Amino acid sequence: MATIRDVAKLAGVSTATVSRVMNGGRVSAETRARVRQVMDELGYMPAASAVGLARGGSGAVGVLVPEIDNVFYSDILRGITEVAGEKGLPLIFFDTRNDAKSEVKALGTLAQYWVRGAIIGPAADYSEEADNRLLRGTIEKLGIPTVIVDREFENMICDGVFYENYGSSYRAAGELIKAGNRTLGVITGNLGHKIARDRFEGFQQGARDMGVEIDPRYILHGDFSVERAYSLSMAMFESGDWPEAIFTSNNKTSLGFLRAAFDSGIRVGRDIALIGNDSLKVLDTLGIPFSCVSRDNIEMGRTAARLLSERLSDPSHPRRIVMIPYKLELRGTERRK
């Protein structure tokens, strides 16, 4: 990893001059351009906390989420904002749109804002070794306390806040079977993501342990989007062949399925049973029953912000992983009447 001394040596200046460039001090335009060019060539990212201290300020916290329009991430941001306000931490938000390149670019931008720390909801699964190394390397170059939230990835070196993806889906399968359903289906998320694989595998194993094997024709391969879930569900209803009960893998998948059921004249809780993973608050507001396994999204955000605040206060603290438990909410759609 490049250091400030490496930058100074290659640029032919002192480390003090490099420091002045980073902190907006008085340096000639020519020297500033040369130092910046060397920093870019070496991939040098100054430790934001050190720069913030040199500037006499506390610095902000960068927050990256993959879908800012998803109510799940809106809730997480609410929790982060609550705690950040209590701790006096200003925030900078980035929406990476589930794009790994945008995420790495945003992390690079954080260095320019001299942030003290970061909370990251990863944009991708990073199961490919090259992508995984790039993300880990970028975080290491930032040199700041970082908390990963929701999407775990291999060889993660940061504190993290995650959800019981496997256990929640395992429970959902058991509840559908206990409600009298003997044929089960599932609309998966993008199985390139670990959370989608965990939910799918948990659901399958939960069914097996209750003596039910899921027929492959009722495994609908979604991608966590409303549009994909809708098209898959419409095709299933139009075929006239569907299971007694189905499990939807996240809030957007549930919305797509429910819209398709409505458009097809299928009544959920009568013609087909349903349990979703993630709650749908809009249905609660409308008084529409919806059975699900869910979590406290806002508390998830609060926990991430607390972990970061504690890490900022004590950088040597042992790494911590917090699992947010699921809760079961049965409101009648888990059975057919």
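Could you tell me whether ARG311 is of a type in the set (Lys, Arg), outside the structural domain of ALA179 (by TED's automatic domain parsing) and in a loop (DSSP other than H, G, I, E, B)?
Details: of a type in the set (Lys, Arg): yes; outside the structural domain of ALA179 (by TED's automatic domain parsing): yes; in a loop (DSSP other than H, G, I, E, B): no.
No; evaluated as a whole, the condition is false for this residue.
Can you tell me how many residues in the range 267-305 are of a type in the set (Lys, Arg), in contact (Cβ under 8 Å) with a residue 12 or more places away in the chain and out of contact with any strand residue (DSSP E or B) (no Cβ under 9 Å at 6 or more places or on another chain)? Let's see the steps before the verdict.
Of the residues in the range 267-305, the ones of a type in the set (Lys, Arg) are 267, 270, 281, 295, 302.
Restricting the remaining residues to those that are in contact (Cβ under 8 Å) with a residue 12 or more places away in the chain gives 270, 281, 295, 302.
Those still in the list that are out of contact with any strand residue (DSSP E or B) (no Cβ under 9 Å at 6 or more places or on another chain) too: 270, 281, 302.
Residues flagged as of a type in the set (Lys, Arg), in contact (Cβ under 8 Å) with a residue 12 or more places away in the chain and out of contact with any strand residue (DSSP E or B) (no Cβ under 9 Å at 6 or more places or on another chain) within the range 267-305 amount to 3.
Mind counting the residues in the range 287-308 that are crowded, with 18+ Cβ neighbours inside 10 Å, in a loop (DSSP other than H, G, I, E, B) and more than 18 Å from the chain's Cα centre (by Cα)?
Residues meeting the conditions: 2.
Looking at (1) assigned to a loop (DSSP other than H, G, I, E, B); (2) assigned by TED's automatic domain parsing to the domain that holds PRO243, find the lone condition where ASP284 falls short.
(1)
Looking at (1) more than 20 Å from ARG199 (Cα to Cα); (2) touching a residue at least 24 places away in the same chain (Cβ under 8 Å); (3) assigned to a loop (DSSP other than H, G, I, E, B), which one does ILE139 not meet, given that it meets all the others?
It fails just one condition, (3).
Kindly check whether there is at least one residue in the range 109-116 that is in a helix (DSSP H, G or I), farther than 22 Å from ARG36 by Cβ and either among the charged types (D, E, K, R) or touching a helix residue (DSSP H, G or I) at 6+ places or on another chain (Cβ under 9 Å) (or both).
For the range 109-116, residues in a helix (DSSP H, G or I), farther than 22 Å from ARG36 by Cβ and either among the charged types (D, E, K, R) or touching a helix residue (DSSP H, G or I) at 6+ places or on another chain (Cβ under 9 Å) (or both): absent.
Suppose we filter the range 10-67 for residues that are at pLDDT 85 or above and either within 28 Å of the chain's Cα centre (by Cα) or in the same structural domain as THR81 (by TED's automatic domain parsing) (or both); how many remain?
Adding up the residues that qualify gives 8.
Given the conditions (1) at pLDDT 95 or above; (2) surrounded by fewer than 18 Cβ atoms within 10 Å (Cβ to Cβ); (3) not assigned by TED's automatic domain parsing to the domain that holds ASP263, and given that ILE157 satisfies all but one, which numbered condition is not satisfied?
(1)
Go through the range 206-234 and give me each residue that's at positive phi and of a type in the set (A, V, I, L, M, F, W, C). Break it down stepwise before answering.
Just the residues of the range 206-234 that are at positive phi, to begin with: 211, 224.
Result: PHE224, single match.
Applying the selection to the range 194-241, what residues are out of contact with any strand residue (DSSP E or B) (no Cβ under 6 Å at 6 or more places or on another chain) and of a type in the set (Phe, Trp, Tyr)?
Passing the criteria: PHE200, PHE224, TYR230, PHE237.
What about PHE224, is it farther than 23 Å from LEU191 by Cβ, modelled with pLDDT of 95 or more and within 24 Å of the chain's Cα centre (by Cα)? Explain how you work it out, then say what you get.
On the way: farther than 23 Å from LEU191 by Cβ: no; modelled with pLDDT of 95 or more: yes; within 24 Å of the chain's Cα centre (by Cα): yes.
Taking the combined requirement at face value, the residue does not satisfy it.
Would you pick out the residues in the range 321-330 that are outside any strand (DSSP E or B) and surrounded by 14 or more Cβ atoms within 10 Å (Cβ to Cβ)? Working first, answer last.
Here is the first cut: in the range 321-330, the residues outside any strand (DSSP E or B) are 325-326, 330.
Hits for the range 321-330 are TYR326, LEU330.
Pull up the range 259-286, narrow it to residues that are surrounded by fewer than 21 Cβ atoms within 10 Å (Cβ to Cβ) and among the polar types (S, T, N, Q), then point me to the one that is modelled with the highest pLDDT.
SER264
The values are calculated or read from the model by the stated rules, or taken from the named source; none is laboratory data. Quantities reported herein were computed from a predicted structural model and do not represent experimental measurements. Using ideal geometry, Cβ is built from the backbone for each residue, glycine included, and neighbour counts are taken over all protein chains shown.
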